[in-house]
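What follows is a short report on a single structure.
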Protein chains: 2
Amino acid sequence: MRTPAADTVAIVLVGDELLSGHTADRNGSWLGRTLTDAGLRVIGITVSPDNPFAVVRVMQRALEDAAAVVVTGGLGPTSDDVTRPALAGLRAGPQRQLTNRVGTEPGVVLDTDGGMVYAVPGVPAEMRTMVTEQVLPRLLAAAGALPPRATRSLTVVGVRETEVAERLHPLLTTLSEKCTVSYLPRPAEVHVVFRLTGDEAETSAAAAVQAAGELLGDFVAAVDQRIEESLVTALRARGVTVATAESLTGGLLAAGLVSVPGASDVFRGGVVAYARDLKAELAGVPRAVLDRNGTVAAGTAAAMADGVRRRCHSVFGVATTGVAGPDPHDGHPPGTFHVAVSAAAGQRVISYRPTVTRDRDTVRRLAVVHALDLLRRTVHGLGRARGESEQPAAR
Amino acid sequence: MRTPAADTVAIVLVGDELLSGHTADRNGSWLGRTLTDAGLRVIGITVSPDNPFAVVRVMQRALEDAAAVVVTGGLGPTSDDVTRPALAGLRAGPQRQLTNRVGTEPGVVLDTDGGMVYAVPGVPAEMRTMVTEQVLPRLLAAAGALPPRATRSLTVVGVRETEVAERLHPLLTTLSEKCTVSYLPRPAEVHVVFRLTGDEAETSAAAAVQAAGELLGDFVAAVDQRIEESLVTALRARGVTVATAESLTGGLLAAGLVSVPGASDVFRGGVVAYARDLKAELAGVPRAVLDRNGTVAAGTAAAMADGVRRRCHSVFGVATTGVAGPDPHDGHPPGTFHVAVSAAAGQRVISYRPTVTRDRDTVRRLAVVHALDLLRRTVHGLGRARGESEQPAAR
C-alpha cells in the first residue's frame, strides 16, 4: 500500500450528536481551515459514532489515507466519552499528553504503526488552543518543507453560479493545471476559490483574481473576505458610518456587521422594528407611508432606511422588510422582500419576489446579502443592482 | 463480512471547500437529524475531496458500513463537480433520476453491488426537497419495520457539564442499557440527550426526562426545544411581549427570538445601541447613568432593558452590554458582560467576568444565552441565576 504523503492530515470527529444532527459541527471546518491555511493537505473529515470500535475503525481508515490524524471529541469526563478506550485499540507506542490550558481534559499524542494520532477535546475553545499551540507545530515539523501554496477567493453577489462559470470560461482555459477553481453557491452569493501550488503560486493566483475580477465586473463584492468585512473596510477608508433598520431580518444585518472586528468605527447602531407601530416610532417611518404602502413595500423600506439614518446620525441607513414565511403576510407570499439604502442624496431599493420556496433562514440571508450589496454599490458609487428599482423609491 | 442492517445509512459530503473550511457544512447535520428523526440509523458522515477516485473510495467504505449511502454535492454544472464520474466507478445497475423541483441538476439513484446510493445536489434547498420527497420514502421502504425509537433532550443553562453529570449520576445507574445519554456542552448551555429503542421507548424516555428534570431543578431551560423556542412558547402562553436593547450582541439576541416561527406574537422589536450616544438616544438610558457607570456596567444594562421596555411598549425588556474583544474596553477585559431584564416590578442583572480567553462569537453567544435565561427566570418567577446580583440593579 502507498504511504501517505507527509503533509496529509485526516480529521475525525467523535460524537453521536453530530450524526443525529443535534449539533451542527463547527470543529471540522475550523480544523480544515486552520490546517489548510498552514499549508497542510486535509484529505478527509469523518464523523464517528460514540462507540470505541467504530472510532478505531475510522481512525485506522484515516491512517491509510493520511500521515497524521487529528481526533476531536469523546475525551470528556462523562459516560459517552469513548476516544480514550478507542486509542487503546490502536497498535502504538506510549501515550504522551497535550496540556489543556483553558479546560480540564488533557489531549493525547500517539505514535502508531500507521502514523501519528492527536486526540484533542471537542469543546471548541479548548480544541482551538490545543491545536494552535501544540498540534499544529508538530504536524508542520513532521511534514517537512511544504511547497508554496496560494488560495484566493472572490465573493460574487447577484449572479447565479452558472452565469459566473460562463463569464469565467475564457479565463479557465488559460489557467495552468496547478490551479483548481471551486464555485461555492450560497444564498445570493457565489464564492469563487482559486487554489495554486508551486513556486509561482502567489503570482499566478494574483493574476487569476485580477482576470476574474475583470470578467465579473462590479458583481464582485469582496476579495479574500466576507462581504461584511469588505464593507467595513470600505466604510472606514471613507470615514463614513452606517445604521440599520430591520424588520424581516430581525437583527441579522446588524449582527453581520458587528461580527467584523473594529466594526464600532463605522457601525452606529440600529433598530429592529418588528411590530408595525415600531416602524413608525422606532424607525421613523411616516405613518402616511405605512398606511399607503403597508409594511412590506419598497417605499416602506426606503422610509425605514431614511428614518434610521437620521435617528442614528449616520451617513448611510440600510433597511429590510419582507415575509420570512412559512405563511403569507398582507397578501405577499413568503420570500418577498425589499431592501433599501438611504444617503443624503436619496434612496435606492432592491425588491425581490420569490420564484421558488425557501426556508426562513435562507430568505433572511438573501435579504441581508442584498442589503449589504446595495450599500456597497452606494458607497462605491456603482450602477444599479439586478432587481433594483429604476426610479428612486417613492415616498 | 457482515451485511449492514437494513436501517443503516451513511452520509457522504463532496467538496474541497468543506475540507479547507471555506464552507461550514450544514447539509450533514440536516441529513443526520432528518434521517435519525425518521427512525433510521446514521452510522457515519464523511467529507470527500473533489476527486472522483477519492469519492469512489469513500462511497465503497460507506457501503461496507451501511445499507444505503446518501451523497450530496459535486452534481453541479461546473468543472469541480465530480460525483457523476465517481458514480460511474461503482459496480452497479442502471442509473435512475431523481427530479429536482427547485433547481436544475437532477439527482441519481444507483443500485450497486454493495447497497443503494442516492446522489443529491449540494445546494441546501434542493437537497432538502429531494431528500424529503424522494430519498427518505425509498430509504424507509427498504429499511422495513423499524423498532420504536425515542429521543428526548433537556437544555440546561448556567451549570457546567461535570456538574450536570454529577447531578444526573443517581439517575444513570437506574436507566436500562437500551438508553444512551449524551452531554453536549455549548457556551453557557449543556444539552442532555436521552435516546431509547424498543417497545417501551416513549414511556421510558418520558420517565428519564422527568427524573432528570427533578435532579436539575430550575437550571432546565427547555425540554426538546431550543431556549429561544421554549421562551417564545412561555411568553405566548402568558400573552406577554418582549423587546431587546443590545450593545455587545449587536442584534443576535433579537435574531435568535425571530428565528422561532410565530415570534411576532411576542417579540415587539428592539434597538442595537452600539455607539455610546445611542444608548441614551435609542435605548433611553439616562445620560447620568452612562456618565456614572460607563457603557459596560450592571446599571447601564438595567437602564437599557428598562428604556427599551418603555419605548417598545412591551411587558419585558432585555439588554446586553459588554466587551467582545479582542481588545479591552474602558478598562474591562474581553469577555466581560452584563445582561439585564426589566419588568414593571424592577430589574434583574447577571454580571459575567471572564476566567478564560474566549473568541468574539463565543462571548456573544454566552451573553445571548444568559440574557434569555434571565428572561425565562423572570417570566416563570424563578429565583436567582448564578452570577445574578443580590440587590436589584442600582439606577
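Measuring nothing but protein heavy atoms, the accessible surface of segment B:1-126 at 1.4 Å probe radius is 52 percent carbon and sulfur. Inter-label distance, A:Arg101 to B:Thr99: 5.9 nm, where each label sits 7 Å from its Cα along the C-beta direction. Answer rounded, prolate or oblate for segment B:227-379, using the Cα gyration tensor with square roots of eigenvalues a ≥ b ≥ c: rounded when a/c is under 1.5, else prolate when a/b is larger than b/c, else oblate. It comes out oblate by the Cα gyration axes. By accessible area, using a 1.4 Å probe on protein heavy atoms only, segment B:149-223 has 51% of its surface on carbon and sulfur.
Excluding B:Phe267 itself, calculate the net charge of residues whose Cβ lies under 11 Å from the Cβ of B:Phe267, where each Lys or Arg counts +1 and each Asp or Glu counts -1. Here the charged neighbours net out to 0.
Placing +1 on each Lys and Arg Cβ and -1 on each Asp and Glu Cβ, with no other charges, gives segment B:142-189 a dipole about its Cα centre of roughly 180 debye. Could you tell me whether chain B comes out rounded, prolate or oblate from its Cα gyration tensor? Rule is a ≥ b ≥ c as square roots of the eigenvalues, rounded for a/c under 1.5, then prolate if a/b exceeds b/c, otherwise oblate. Since a/c reaches 1.5 and a/b is larger than b/c, the shape of chain B is classed as prolate. Summing charges over all other residues whose Cβ lies under 14 Å from the Cβ of A:Ile350, with Lys and Arg as +1 and Asp and Glu as -1, gives +3. Within 10 Å of the Cβ of each residue in B:160-173, the mean number of Cβ atoms contributed by other protein chains is 2. Candidates B:Ala165, B:Ala145, B:Gly122 compared by Cα position along the dipole of segment B:121-174: farthest toward the positive end lies B:Ala145, with charges placed on Cβ. Classified by the C-alpha gyration tensor, segment A:8-143 has a rounded form. Its axis ratio a/c, with a ≥ b ≥ c, is below 1.5. Annotation for the A:B interface, with buried accessible surface near 6100 Å², both sides summed [1.4 Å probe; non-protein components not counted]. For segment A:249-284, heavy-atom accessible area (probe 1.4 Å) falls by no less than 50 Å² from the chain alone to the full protein assembly at A:Val258, A:Arg268, A:Val272, A:Tyr274, A:Leu278, A:Leu282. Working note: 222 nm ellipticity from helices only, DSSP H runs with n ≥ 4, each -39,500 (n - 2.57), summed and divided by the residues of chain B, gives -11000 deg cm²/dmol to the nearest 500. What net charge do the residues around A:Val242 carry, taking every other residue with its C-beta under 15 Å from that of A:Val242, with Lys and Arg at +1 and Asp and Glu at -1? With Lys, Arg at +1 and Asp, Glu at -1, the neighbours total +3.
The values are calculated or read from the model by the stated rules, or taken from the named source; none is laboratory data. Source: prediction; values computed, not measured. When we count neighbours, we look across all protein chains shown, and the Cβ atoms used for this are built from the backbone with ideal geometry, even at glycine. When the accessible area is computed, the model is the full protein with side chains, heavy atoms only, and any ligands, DNA or RNA have been set aside. Shrake-Rupley method; radii C 1.70, N 1.55, O 1.52, S 1.80 Å.
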